[in-house]
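The values are calculated or read from the model by the stated rules, or taken from the named source; none is laboratory data. These numbers come from a predicted model, not from an experiment. Here the Cβ positions follow ideal geometry from the backbone for every residue, glycine too, while neighbour counts run over all protein chains shown. Quick note on the areas: whole protein, heavy atoms, side chains included, nothing else; ligands and nucleic acids left out. Shrake-Rupley method; radii C 1.70, N 1.55, O 1.52, S 1.80 Å.
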Amino acid sequence: MATNTPWTGQWVADRLGVALRGDGVTDLLGLALRRNPKRAHLLVSHVLGKHVPQRPHVVYGHAHALGQRVRALLDGDGDGVGDGGRGGADGTVVLGYAETATGLGHAVADGIGGVPYLHSTRRAVPGVAPGGGFEEEHSHATGHLLLPEDPALLAGSGPLVLVDDEFSTGRTILNTISDLHARHPRARYVVVALTDMRGDADRATLAAFAGRLGTRIDVVALAEGTVTLPPGVLEKGQALVAAHERAAATGTPAAPLAGQPETPGAPVRRVDLGWPAGLPDGGRHGFLPGHRTRLEAALPAMAGRLAAALPPGARRVLVLGNEELMYAPLRLAQALEDALTADAAGTAAPAQVRYSTTTRSPVLAVDDPGYAIRSRLVFPAHDDPDDGGSPERYAYNVAGAGFDAVVCVVDSAGDTAALHQDGGLLARLAAHTPAVLLAVVPTYRPEPEGHHPSMSEPLRGPDFSSYAPEEVGWLLKDLSGVELEAPTEEREEAIQSGGAHYAESLPVEYQPTPEYQQLFRSALDASAARIARAVGAVTELVLAERGPDAVLVSLARAGTPVGVLMRRWARHAHGLDLPHYAVSIVRGRGIDRNALRWLAAHHAAADAVFVDGWTGKGAITRELADAVAEFDGFNPDIAVLADPGGCVSTYGTRDDFLIPSACLNSTVSGLISRTVLRDGLIGPEDFHGAKFYRELRDADVSGLFLDTVAAAFDQVGDAVAEDVKSLRSQDRSPTWAGWAAVERISEEYGIGDVNLVKPGVGETTRVLLRRVPWKVLAQRGAGADLDHVRLLAEQRGVPVEEVDGLPYSCVGLIHPRYTRGATGTDGRAVNAR
């Protein structure tokens, strides 16, 4: 420290004889007195961001560096950090202590990298069963709860990293490990703290404790030292606190409690952060690596909103977190500092962003440069606490600090009337700074059953679908027991009249005739190599341009067989086991947001590669781009086998050819129905739904389709290499030629609704199987690729009209302005125009 700056523990040291020893200890710690019957002194960290406002990059940097040291320790001893995402039997988990170390522990987890994080809490959450609990004897509020949304988070046997701001006696650590080890024994624990201030007896106690449990406990700290407490220090400290508080009550304090008098403040301005939907506000219920990825992607935009809301000329800004809500405000403060620094580049007034948080710990304030707590704001608790603690809360070193603005960050559970009342936190802040901004982070609350989509497991075969469980995980809700099918004509009338959305019901599953089944098998045999070549080309493009960590996300259900084949190619050609999930997207209603939240929680959003079978006019391509815009990190580009519509840049071919999986419905797609989205069946926290048609097992050809195509992988390897070389040298930008053709056809045939024009052999097949077709337009001279289309059209009495100039093999037209009154006696639609 600079020689002209007094140590912020000197005031206490001079009066009570408390001494801190150890290299670097006084650089990290000051001293204060607190109103506590068990410990008079308080070690006040300069780099924690709790009581002393500090640069956010300094706070985060110290914690992150500790995490890197932990990773080096585990890697060096061969323990590693496990599965990189969810903990479990072999995975490292980080646990931080409320309230002071919640943000510290979170940043330590970031430094370790790829590990889940949980912090203890003093806020009970109805419906969430505790996964553990322990006491912190010396703390002002002693009870800690562990409330992981996923109980498996604490159920593993891998290393557990325990993070607190100071390691003083070790009692809290002993209590924690005793509770958790009795539930789920582990071979190793690592204790992390900014400062390790244990005496020799405490160190011996911890070593003996580890020996009794048969486990290993390491300690990692920025600095080590000791605290010397003279006899009677507790009583002397309590007397000193009482004397100062009596003097303050009479208006003649021995030292002032604030650096300036309070004056009426300006109105508080609320700022909408644009917090990503479904992203946890912190680690109270668990924070996974995918959550961190989403947060970091969103931080620049959120900081930009805060910067834009600051008053002109505000350069010294405090971002004030709220009790356990420490990590989100810290990261926002970092991003705001970066934004303001960039804006002030080259100016004479660099930005000064500081970060601290409110607390429930009562500490004496003394306005002396040799004392760590210079000022104190007292205000009523505003998050409806139900823990029997003090109704007062505190903000230290804010008054008198000369901040141009304070950004107060609370979670929505704390955005109550008490926050806004006279004498509440916002009013107290407004009396000491020209501007107060309020930013509210949505409080993350798990479902009472503990099965929020961010933690629930995907459905897998054989319980859901006929695919092998490793082939695909379905991010869907099982609606197999619900009657959802309706006659085709009834559905069409309801859809076109606006009385129902197509995703609210299911068509009756088409049962193919023996002649049609033979057509499917013949088409599969004839096209297997062509499909395998397209599978290989699109998969190689994905691996080359998106990397080997790609996560395949197929659009159920047509994309799912393609996703399975792409996964098989990656394993066949490269030995890669790519994760593969199927999600629902509904035209007009978007993608399943809960499924995206699940993906972001379990994988890096940037690794997700959306997969579909083919493109038509590009409606789903546009739908997906709009849907993922609200989720940071996802790339909306879809990888498809065939892109005849010119809608995407990642494809195997732009030819419109028959992909036999389009010939059938569920019986070629793992026996899964088209997806369903209907009020009353799908709640706000549910995935979209689908049915598993177990009763159709005898007709299932899903495995036959996959195995036949995969059997052709070896014979197309050289051709795939040439295709990929050619594709990577081309301009693959979307042309949207298909959309233009659909608009022309819609106008030429007087349809008036492009959604009734379904281009391409795959979409035409769907029209004939599921909708009320009017006619089929076939490219003149189209050959065997359309044999099944002609057969279906004949069976349904639908004319096939050969035309020139189509960019597709065929186009299916749904009957425009359909009503059942415009059908023949056999139920087929007739021309109502």
### Message
Tell me which of Gln518, Trp275, Gly670 sits at the most positive position along the dipole axis of the chain, charges placed on C-beta atoms (Lys, Arg +1; Asp, Glu -1).
### Response
Trp275
### Query
Rounded to the nearest 20 Debye, what is the dipole magnitude of the stretch 591-655 about its Cα centre when Lys and Arg each give +1 and Asp and Glu each give -1 at the C-beta?
80 debye
### Task
Between the alpha-carbon centers of the stretch 157-204 and the stretch 593-654, tell me the distance in whole angstrom.
45 Å
### Task
Return a whole-number percent for the relative contact order of the chain, with Cα pairs under 8 Å and 6 or more residues apart as the contact set.
11 percent
### Task
Could you tell me what % of all Cα pairs in the chain have separations over 50 Å?
31 percent
#### Entry: the chain: angle of helix 761-770 to the longest principal axis, Cα-based, in degrees nearest 10
90 degrees
### Task
Pick out, from Gly370, Pro434, Pro311, the residue whose Cα sits farthest towards the positive end of the charge dipole of the chain, with +1 on the Cβ of Lys and Arg and -1 on the Cβ of Asp and Glu.
Gly370
### Message
Using helices alone, I'd like the mean residue ellipticity at 222 nm for the chain: each DSSP H run of four-plus residues gives -39500 (n - 2.57), total over residue count, nearest 500.
### Response
-10000 deg cm²/dmol
### Query
Can you pull the accessible area of Thr735 for me, 1.4 Å probe, Å² to the nearest 10?
90 Å²
### Cα-based shape type of the stretch 270-381, given that a ≥ b ≥ c are square roots of the gyration tensor eigenvalues and the cut on a/c is 1.5
oblate
### Task
Work out the charge dipole of the chain with +1 on the Cβ of Lys and Arg and -1 on the Cβ of Asp and Glu about the Cα centre, then indicate which of Leu756, Val562, Pro548 is farthest towards its positive end.
Pro548
### Summary
Answer in debye to the nearest 20: the dipole magnitude of the chain about its Cα centre, from +1 Lys/Arg and -1 Asp/Glu charges placed on Cβ, is 1340 debye
### Query
Count the lysine pairs in the chain that are 8 or more places apart or on different chains: how many have C-alpha atoms under 13 angstrom apart?
4
### Message
Angle check, please: helix 200-213 long axis (alpha carbons) against the longest principal axis of the chain (alpha carbons), in degrees 0 to 90, nearest 10.
### Response
40 degrees
### Message
Helix 559-574 against the longest principal axis of the chain: what's the angle in degrees, Cα atoms only, rounded to the nearest 10?
### Response
70 degrees
### Inter-part distance where the stretch 746-816 and the stretch 325-345 are each reduced to a Cα centre, Å
56 Å
### Charge dipole magnitude, Cβ of K and R +1, D and E -1 - the stretch 600-747, Cα centre, debye nearest 20
240 debye
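With a 1.4 Å probe and all protein chains left in place, how much of the accessible area of the stretch 282-355 comes from carbon and sulfur atoms, in whole percent? Before the final figure, lay out each step's value.
Values: 1270 of 2280 Å².
Carbon plus sulfur share of accessible area: 56 percent.
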### Query
Percent relative contact order of the stretch 609-660, based on C-alpha pairs within less than 8 angstrom and at least six residues apart?
36 percent
### Query
In terms of modelled amide H atoms, which long-range or inter-chain residues lie less than 5 Å from the amide H of Gly96?
Leu118, His119, Ser120, Val163
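Counting only protein heavy atoms, what percent of the accessible surface of the stretch 543-699 is carbon or sulfur at a 1.4 Å probe?
Working: 1950 of 4490 Å².
Here it works out to 44 percent.
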### Query
Excluding ligands, DNA and RNA, what is the solvent-accessible area per residue of the chain at a probe of 1.4 Å, expressed in Å²?
37 Å²
